[in-house]
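The block underneath contains the structure these notes are about, expressed in structure tokens.
Readers should treat all values here as calculations from the given coordinates under stated rules, not as data from a laboratory. This structure is a prediction, so every number in the text was calculated from the model and none was measured. All Cβ positions, even for glycine, are placed from backbone atoms using ideal geometry, and neighbour counts span all protein chains on display.
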């Protein structure tokens, strides 16, 4: 015993050994406190995840009794309606339907309504080509002798101030006319388009086929009937746009022959620009007014 006491006294009396012991004790106490905290935290987490105890509101389901095994004759049982109704009223509580109400407005119940059948869409006929006055116009009759002489492509201004051109045979009969253009350059481009189209255009009699539809990619002379039941032809370009239209014919054969006159004029013609004389006359009139 004295040996251990002397060893302890010599240990604590030497240098910094006392400080080491105190530090070790402090560390040990900290470890103990940390372990206790972890244990308490684990218990709380476990209790949080546990299923709460069922309320006493839910009663245990009574065991089913077998009447036949108890010696009771089921066929001779008498049902008391008043007892059943009172028991049912005590067991079940009828609640009125819940009405969802926002501050002052009740909820609105939408009832589906059958959609009325829509009327079929009416097919809109394409607009008619611009037509010139035909007060004194008669059927143009194709002539091989007239085809030997050059025709005329005339550029002029209409009443609306737009540029147009018309194809005239050598005997001064108008065979076809164009739509209105806003500039003279566009009008000249239209003339070139007609000349190029006449080289490859086919003549198609659409009066034999009422369901005829112009096809994109080829040039065609379409022979058709207008609202007055007259025969006409129109030249459609490769993009299915109308670039030349005729006047009305009373005879189909004359209308078809009119396409040949257009081909002859496109191949052999003189170009006449009447817009220059019109502008010159307007300039003279302005000077005279001044």
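Before moving on, here are some points about what is shown:
- Judged by the mean number of other Cβ atoms found within 10 Å, the most tightly packed of the peptides 202-215, 167-180 leads the ranking 167-180, 202-215.
- When each of the peptides 255-262, 156-163, 37-44 is scored by the mean number of other C-beta atoms lying within 10 Å of its residues, the order from highest to lowest reads 255-262, 156-163, 37-44.
- Cut-off 20 Å, label 7 Å out along Cα→Cβ of residue 210, residues of the stretch 242-257 by amide N: 252
- Spin-label model, residue 149 to residue 277: label points 7 Å out along the Cα-to-beta-carbon direction sit 1.8 nm apart.
- Additional length obtainable on full extension of the chain from residue 224 to residue 45, 0.36 nm per residue less Cα span: 55.1 nm
- Label-point separation in nm, residue 254 to residue 196, each point 7 Å along Cα→Cβ: 3.4
- Theoretical gain in end-to-end length, residue 183 to residue 141 [0.36 nm per residue, Cα-Cα removed]: 11.8 nm
- Square roots of 5 times each gyration tensor eigenvalue, C-alpha, the stretch 144-283, largest first, Å: 26, 17, 15
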